[in-house]
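Asks: Pasting a structure here, questions to come.
The values are calculated or read from the model by the stated rules, or taken from the named source; none is laboratory data. Fair warning: this is a prediction, and the values are worked out from it, not measured in the lab. Please note: Cβ atoms are built from the backbone with ideal geometry, for glycine as well, and neighbour counts cover all protein chains shown. Calculation scope for accessible area: heavy atoms of the full protein, side chains included, ligands and nucleic acids excluded. Shrake-Rupley method; radii C 1.70, N 1.55, O 1.52, S 1.80 Å.
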Amino acid sequence: MDAGSLADWVAAVGTMLALVWALFLYRRNIREREERAARQVYPLDHGSGNVQPDEPAEFAPEVFDIFVHDDVEHGGYLIRSAAHGNPMRSTIVPKQVTLVYTAAIVNGSDEPITTVNFEIATLGGATVKSFTYDRVQIVLPGETKAVVLLLPHFKDRAGSSVLMLGLTVAVRFTDSSGRRWRRVVGWPTESVENEWYNGRRPRTFRRDVGRFRRKAAVRVKKIGRYFWPAKLNQK
């Protein structure tokens, strides 16, 4: 190999390494930007109360909607006066004393968030009750949406209602890139699996590398069987 070809080879390798490094920095910058935006989204816990049986759960106009847990026994939904930004807000008439939490989601980022789900969680971050099918579809940048969460009182083994202390509010939301996040009041934002995604997962560099390694392992195994057949190992 002459000096010219060696120099060309070194330059080509250097160019390739520079390209890989640039792609790595680009992906890291995107991830850091997503995480920075997600940290600017947070829930608020405005406290709890009760709704008496056979009384409609009516709240202030600034409450965007009223979310009812599946375990709440109730009569029928009642369409009440339109709330700000939600002309179809509904209320409910519970059949028993119902626990009520008033929560809010604040989008302090520069991008909209979607599919916001609320949870009742412990102060340590564990989910106690989740509102799976009730969600805020979109929260625009700089917007705050307050909701009311209705859930049954907690009961002991004998079926008696008990007061469960140390509870707060958590939210799950999706950012503009499709990543799913969860945050509990007073806790940092954490990345979670997207429970609403149905279909093929988006490609990432890490998954592509893993896929390449699995395919390479299969090929090496086939080559090994070709040169060293299993029957030769039999006694």
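Asks: Give me the percent of accessible area attributable to carbon and sulfur for region 40-217, probe 1.4 angstrom. Can you show the working numbers first?
Replies: Details: 5280 of 10100 Å².
Answer for region 40-217 is 52 percent, counting heavy atoms of protein chains only.
Asks: Around GLY49, under 15 Å between beta carbons, what's the net of Lys plus Arg minus Asp minus Glu among the other residues? Don't skip to the answer; put the middle values down first.
Replies: Working: positive: none; negative: ASP45, GLU55, GLU58.
Spelling it out: positives minus negatives among the neighbours equals -3.
Asks: Given Cα pairs under 8 Å that are at least 6 residues apart, what percent is the relative contact order of region 40-217? Can you show the working numbers first?
Replies: On the way: 377 pairs, mean separation 42.0, N = 178.
Relative contact order comes out at 24 percent.
Asks: What is the packing order of peptides 43-49, 214-220, 104-110, taking the mean over residues of other C-beta atoms within 10 Å and listing the highest first?
Replies: Details: 43-49: 15.1, 214-220: 10.0, 104-110: 18.0.
Put in order of decreasing packing, that is 104-110, 43-49, 214-220.
Asks: On to the next question. 7 Å from Cα along Cα→Cβ at both LEU123 and HIS84: what's the point-to-point distance in nm?
Replies: For the pair LEU123/HIS84, the computed spacing is 3.2 nm.
Asks: Write down the accessible area per residue of region 59-178 in Å², having rolled a 1.4 Å probe over the full set of protein chains.
Replies: Numbers: 5710 Å² over 120 residues.
Per-residue accessible area for region 59-178 comes out at 48 Å².
Asks: Shifting gears a bit: For region 43-166, what percent of Cα pairs sit more than 23 Å apart?
Replies: 31
Asks: Under unit Cβ charges (Lys, Arg +1; Asp, Glu -1), what dipole magnitude, rounded to 20 debye, does region 64-138 have relative to its Cα centre?
Replies: Working: 5 positive and 8 negative charges, 55 e Å.
Result for region 64-138 is approximately 260 debye, rounded to the nearest 20.
Asks: Which whole-Hz couplings ³J(HN,Hα) result when phi for each residue of region 57-65 is put into the Karplus expression 6.51 cos²θ - 1.76 cosθ + 1.60, θ = phi - 60°, listed in order with x for Gly and Pro?
Replies: So the J values, rounded to whole Hz, are 7, 10, 9, 5, x, 6, 6, 5, 7.
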